[in-house]
Structures are given as C-alpha cells and as structure tokens.
Amino acid sequence: MAQVKYWLFAGFLLALVLIGAFNPARAQAIDLAPFDAGQSLIGGMQILKEQPGTALSVADLANAHGWQPASPGNVSSVLRASTTWLTETVSNNSPEPITRWISVGYWRLSDVQMFLLDPLTGEVQSHMHAGLKQPGSARPLTLPTMESVFPIELEPGQQVQMVLRVQSGGWRTIAVESWSPSSYLSALQQTRMLHSVIAGIALASIFLLLLSRQRLYVLLATWLAIAIASVTLNLGYGIPVLSTWLPGKSLSALVATLAFWNSLFLVLISAVILGLDKRDFWRRVLAGILVISVTCSALFFFIDTLWVRRILTIALLALLAVLPIMLWSARHRIPHSSSRLMVVLLGLAWASQAIRVVAFATNWLVDYEKPIYLANVYSQVAILLLIIGHVAQRQRERERQMEHRAKSLERDQRVQLESLVRQRTTELEHSMLAAQEATKAKTEFLRHVGHDLRSPMATIMGYTEMLQARIVTESEASRLAVIHRTTDHMLNVIDDLIDYTHDAGKDRIDPQPVYTGWLIGLIAQQARALAETNANKFVLKVENALPAVIIVDGKRLRRILLSLLDNSAKFTHDGQIVLYIRCQPGANPDQVSMHFMVSDTGCGIDSDEQAKLFLPFFRGRSSQGSPGLGLGMRLASTWVQHMGGTLHVNSQPNHGTEVTIELSFPIGQERDVQPSETLGLPPVDIEGNGRRLWLVEDIPEVREFLADWLNRHGFVVLQSPDGAAFIKTMQTTAEAPPSAVLTDYSMPGAGGDAVLAAVRLHWPDVPVLLLSAHITARSSSDQALTPGFDAFLPKPIDFGILAGELSRLLDPDNTLLKPSSKDVLLTDESTNHESTPSRVTPQSPHSQHTRATARAQHDAAPPQARLAELARLVEEGALTDIEDWAQTLRTDLPEHAQFALEVERLVEDLDLHALNKLIAQSQ
C-alpha cells in the first residue's frame, strides 16, 4: 500500500515537471526537532541518480527528470560508480532554536556535498563539502570519525531545503541520519568503547591461542587477527594514517585482500577441524585454493577499484561454495560433541557470509542487511568463545594430567626421601655423637692444657713479684720488670687462645654492677704502663658526668679496651695514645650510652688490610716484628657484638688509627655492688687506738662494711644514714668532736657538700674524707682533691689507701702509709680536656692475698694432711691438680666448702703468693 502511495506521489511530481512548475522542496517538510538520536531521514527524502556521462548542478535539479521517493533499495549502487542526489525540506517546529548534525554514511563515500536552499526561491544559502577525498581539516566538523557529518542550525519555525550530492565508487550502502551534537558524540564514544573492549578480548584470545603452539590454534589466531584487521578498516579506524601511505586504489585493494583472506582462513580452519587436511585430495584442493588466493590478492593491487570488487565478489562466492562440499565430505569424521558444535557454528558463519556476498552483488535483501551482518558477527563471536572454551578445557586436561604425574612423582620421591632421611638421620646421629665426644675431649684438653700452660707462667710471675719486693738495684728491677712483662704477655696469649677456642660466646658475658670510676681507673692505670713501653704519652679524656654504677661485664670491657690500647702501644713510638670516653643518656631512663675511642699517632693501617683486621690470626705488614697472635681485634669485635654494641676502625697510613666502640649499659645501684668483689683489705695494719670517726653513708651495706673494718682496727665509729641526720645529730650533741668525718657525696636530703659545710662551721679543725663513686677528669696534686675536702677516695674503697689517708690525716709523722706519687687519680668534676685518672688503685696480688687471708679467718682450717698436700701442689705450680684438690675437699668435707671456693678463686687469679699465705695462716 505504501508503494502505491509513493508511485502516485511520483506521478504527481512528474506532472508538475511537465507543466514547468516542479520544485523538489515543495514536499512536506520534516520537523527535525524530535530527530535527535540518529533517526533515519531516508524514508522522507527524494532521490535522483545521475545518468552516466552527465554532470548535474544544483540549478539543474529543478528541470531534472527521474526524481522518486528514496528507499533502502534505491539508495545503493551495485558494484559500479554512481552519483546520487537526495533532497528534503526540513524545519524546526519547536519554540527553541535547534542544531542538528546530519550524518551521511557509509564512510567510504568518496565525495559528499550538502546544499542548503531557500525553499521558496531556490537560492543556495550554504554549501558544505565532505567525503573520503576531503581531508579532515577541510570538513565542516572536525570529528574523530571518517563519516561525513554536516551541521544545520534552525530557528523556531524556520524551513530549509536540504540537498545532498553523494558520489560512490561502488560501495552501495548510504544512510542519512539526524543527531543532536551531544547524542552523536555520546554514541560515537560508546561505539568506540565497545569496539575497544571487543578488540581487547580478541587480542587476548590471539595471545592465548598462540601460546598453545598447535597448528589449529595458530590458524585460529591468524584468522582472528585478519578478521580484526578487516573489521577495523571497514569501520574506518586507521584510514587517515593509511591514506597518507597508500593511494586510494591500494587502500581499496588492502581492504579487499583482508576480506578475502578472512574467508580463506575460515575454509582452512574448517578443513583442519573436519580432518580433511590429512587426505591427499583435499590437500591438493587446499593448495590450489592458496595459490589462487595469493594470485587474486596480488592482482587486487594492479587493477581498477571497480574490478577489484567484482573479482572479490566472484572469488568469495567460489570460496564459500567449497565449504558445503567439505562439510558433506567429512560428515562421518566429526570426532566429538564440541567439534560438532563448532561445525554448526562454522556453518552458520558460512551461510551468513555467503548471504552477505550475494546480497552485496545483487542488491538483494537490502532490508535485512543488518540482521544478516549481526548473524555473521555473532556466529564468529560464538566460534571464538567455543575456541576459548576448548582451549581452556584442553588446558585443564593437561593440568590434570600434570597434577596426576606430579602426585605420582611426589609419592615416589617421598618414599625415596623418607628412606634417604632415615639413612642420613642415622648417619647424623653417629656424627653428632662423634662430634659431642670430640667437643668434650677438646674442652677437657683445653681445660688441662690451659691451666698447665698458665701454671708455670703463674709461678714465674709469683716469684718475680716476690723478688721485686726485695730488689736492691735498678738493674735488677729492670730485669725483673722484663720477666714480669713477658710472662704477662704469655698469659694474655694463652687467654686469647682459650677464648677463641670457646668462640667468645655470648653465654660467657656476665654483666654485674660495677663502680664506673674504679673500672675506668683500673684501665687507665694499665694503659699508662702500656704506653710507656715505647715512650708514649697516655691521655684520658672524659666528657660528661659518668654514672656511679653500671651493669657490665667489667672483665670483658677491660680486656676489649686494653687490647685496643695494647695495639696502639705496639705501633706508636714517641707519640700519644688517647682513651676518650663520652657518656650520654640512653634510649631508656635507666640506661646510659657510652662512646669509647682509642686513638694514637702511630703508623696507621693500609686500606687493603683494614678489611682483614677482624680475621683470626691476621697480622699486618707493620706487625711482623711485634708479639701477638692476631686474635685481639677478632675477639674485641666479637665481644662488642655480644654486648650489643658496634666497633669501627678508621685509619690512614702514617696518620694513626682511631677505633670507636658504641655500647649501652643499664645504670646500676650502689647497694647492688658486691663488696666481696670490689673492696680490698689494707696491705698493712693500722691502729685506731680508740679514735672516734663519724661515718656518713646512705647505702647500709657499704656503711656496715666500712664500720666493721674500722671497728676491727681500733676505731670507734659513729654512723649516720645521710647528711641531714648527721647535721641534726652534730648540732644537738654535746660530745667532743670526732677525729675525722668520712662522708659520701651523693645522698638524699643533704649531700657531702652540706656535711662539709656543717663540719667547717662547727668543727673547723676536723678533717673530712670524701668517699664517692662519681668521678670526673681533673688534675691531681697533693693538695685537696675536691674543694674543701681533706682527702678523696673513689669507690670501691681500697682499704690500703684508706689506711694511708687516715694515717696521713691522724698521724702525719707516720710516712710509711702515705700514698705513692705514682698513683692514678680521678676527680669529681665533669670536663672535656686532657687529664689523668683519679686514684683508683686496682686490686694487686698483695691486696688479693690479704682478701684471701681475711676469708680464711672466717672458715675452719682443713686437716693438716690436706693442707700439706695443697702446699706441695702449690710449690710445684700444678694449678689443675690444685683445682682437683679443691673439688675433692668440697665433696669429702662439705664444712670446708668455703675454704675450697677460696682456693679455686685464687687459682683462677693465678695468685700463688696469696695461696701460700692462706696455707700458712691455716696451719
């Protein structure tokens, strides 16, 4: 019915032409206001096709013959070049101005022109030019698409006649659609996004197929890649770039080649799926098809574009005709259900593609072009999904097979491994037992050898000290000093070897509360003796106040620093050796961080040797003529690490060496210091003869120990727990002043300064002795060591020095007990300049002897027979046998366990002189 109306309308127009009154704009105008989402305008337009050999202009349209209503069938050309005119009157019936974009597709239209005419006069108001031949910059709208798009702006109620001139090279599809600008851009963006997603899936599928490395999957990947390239060009992507590289004819040939090879690979894939590639006949057929395909593809680039499309249509029809024959030939060879489904999908793809080719060649089924195209696309997508599923299934099968093989292999290996583990476990148990026996034997050997090596050294040192006490001439003193120094060196070597064989383990670190000043003074005194061997000057620098007590393995720290100082003394001549100590608050309030640096002005260390310093038994070139085993730095570094610190070396040849150590120690309390470990007894007796002494000390243990010692030596001791109690008692007592006051410095309430001020106020002539664990660096002299005090004794108290100071203050004529000028001194002021340490006399063998005697007085003597045996062992210097004697005494006679422990301690200290005296006092 609609066709009849169109023909009647066309006849009416023809009649108007014949009477000279025809005007294409007189048709009913199309209101573009609701046409804003891509609605087609073809159904309301008039069409006129130019005859070959004629060239019409806009002015000729009024007199042209052949106008007819446009439809999808007559707006396309079948494999030939053509020029088509389309016209329609458009209007804006809305109350607002509108802007519409008129898109004219297909993008391959070579030339598209739009004329906007006055509907009454026919005057051209606007002329716009687009199409494939027109560069993008010269088009009415610059958009990211190859499609021809023209803008139209209409005021409310305005009408305009739109005339389109479309020149095509044979691509038949022409579409005219109306858009609002925002709708067109949104649709364009959505289309591009959809194409990007599809392309991404396709590329991922290609990659997955290529990974399989199987012939079928490689063919599928190639087909998919060709299909993507063909669709990409058909949609216009990449055309602006390719058009600059290829002329128009070559570009058309490339598009045709991709379309042809797309169908060709569909045939090849079908042959592989159907198994026809294994039959000789079909192999020859496929080979012939490949040769013809290559020939046609090459021919496309040398012939006219119109002939390219004609040959392409014929070749595609011939190629697609082979597919049904292949399917019929292999109807009994389809292996399983997935392959049968793929064949069905391939058949659908063949059918849709064949219909498209036929429709393209004959202009048939134009109204169903889109469904046919979608069927072709969907069938190819379904094939792609099936292929991916098939690949995934094959992959899962391979994974299951590999998992089965892996489990089987794992089971066999587990059985083999269990057998091997049992065998190795048995071997390891035997090896561990052998190693334990060897370790036990080594430990026992080192114990006996160590003591046996130390025994003669201890005997030599003991007799050397006895001779030193009786020397007369300086030459004898010099010779005995050489013997003593050499023996001491041998003992240090033995100790280093024993420590190294024990690996200097962390379990050998034994931190105990120690008086900081006593420890530093002991190290400084020995360092000065070491420095003097090569005419060096020793300097001690202390920065910031040191805590009174720290918890540290004093023996290890002393050996670490003395090892570094000994190295400096060996390689420095007529120079200076500095021990620098800086104290800072630690990470916690109850910790202190201490920085030690030993520096010298010696020969220095080469850079290539510094990396080897911590290797065991390494000795540099400069140490070849000096004694030692090369274990000092190794043991020092190991001990510092076990104590949680760091050790660094900085040295340059001929510019000396600096060794820095960073350590952190807990701050201890003075009450926790064991007097038996730090306090000595006087080397000589002193008689108090009833003199009254006032002792002010806040630590009960120290106060009682000092009072006990003073009472036993004939002094009458008055005690006060702190400075405030002393001042209060002194101000209220009516008794005579004491002979001297002994006071601590740091006490709660009132300290040593307050005690000194009170004594000077009330008893100006009474001497005051300061007892303090706080030390600083200050120059010593025979005058008062701290302003106002008559004497200063650092803690721990050496009773020999205390006896000397009391004798000096209470009995000035007794010069026997005056301190030697060679004593080392430390004072109570924090400073940063060069200094010598305060008087902190270490426990010498003589003081150790007196301590052994004191302990023996509190323990019942063993039987005389055992004492005689002990005396014989001491005479022979058999230290290991003496230890065995002490262990036997402790087991057989438990009541003499204290005596046995004292003997073991003296053997550990190598103090045979004190051991002889202990035996003499016990007999």
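The values are calculated or read from the model by the stated rules, or taken from the named source; none is laboratory data. Since the model is a prediction, treat every value here as computed from it, not as a measurement. Neighbour counts are summed over all protein chains in view; Cβ atoms, including those assigned to glycine, are modelled from backbone coordinates with ideal geometry.
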Matching residues, segment 160-215, being in a strand (DSSP E or B) and under 44 Å from the mean Cα position of the chain (by Cα): none
Do you know which of the residues in segment 150-184 that are out of contact with any strand residue (DSSP E or B) (no Cβ under 7 Å at 6 or more places or on another chain) and surrounded by fewer than 15 Cβ atoms within 10 Å (Cβ to Cβ) is farthest from residue 29 (Cα to Cα)? 182
For residue 149, which of the numbered conditions (1) touching a residue at least 40 places away in the same chain (Cβ under 8 Å); (2) assigned by TED's automatic domain parsing to the domain that holds residue 115; (3) over 26 Å from residue 36 (Cβ atoms); (4) not charged (D, E, K, R) fails to hold? (3)
Hey, residue 121 hits all of (1) within 18 Å of residue 163 (Cβ to Cβ); (2) in a strand (DSSP E or B) but one; which does it fall short on? (2)
Inside segment 202-219, can you point out the residues that are touching a residue at least 60 places away in the same chain (Cβ under 8 Å) and of a type in the set (Gly, Ala, Ser)? 202, 205, 212
Which residues, taken from segment 883-897, are touching a residue at least 12 places away in the same chain (Cβ under 8 Å) and over 60 Å from the mean Cα position of the chain (by Cα)? 889, 893, 895, 896
Only one of (1) assigned by TED's automatic domain parsing to the domain that holds residue 256; (2) touching a residue at least 12 places away in the same chain (Cβ under 8 Å) is not met by residue 198, so which one is it? (2)
Counting only residues that are of a type outside the set (S, T, N, Q) and assigned to a loop (DSSP other than H, G, I, E, B), segment 47-71 contains a total of 10
It is to be established whether one or more residues within segment 105-122 are on the phi > 0 side of the Ramachandran plot and surrounded by fewer than 17 Cβ atoms within 10 Å (Cβ to Cβ). yes
Quick check on residue 103: is it in contact (Cβ under 8 Å) with a residue 40 or more places away in the chain, closer than 29 Å to residue 256 by Cα and more than 60 Å from the chain's Cα centre (by Cα)? no
Tally of residues being in a helix (DSSP H, G or I), modelled with pLDDT of 75 or more and within 25 Å of residue 522 (Cβ to Cβ) across segment 672-703: 4
Looking at 568, 599, which one is in the same structural domain as residue 649 (by TED's automatic domain parsing) and either part of a helix (DSSP H, G or I) or free of Cβ contacts under 8 Å to residues at least 60 places away in the same chain (or both)? 568
Among the residues of segment 526-580, which ones are under 39 Å from the mean Cα position of the chain (by Cα) and acidic (Asp, Glu)? 543, 553
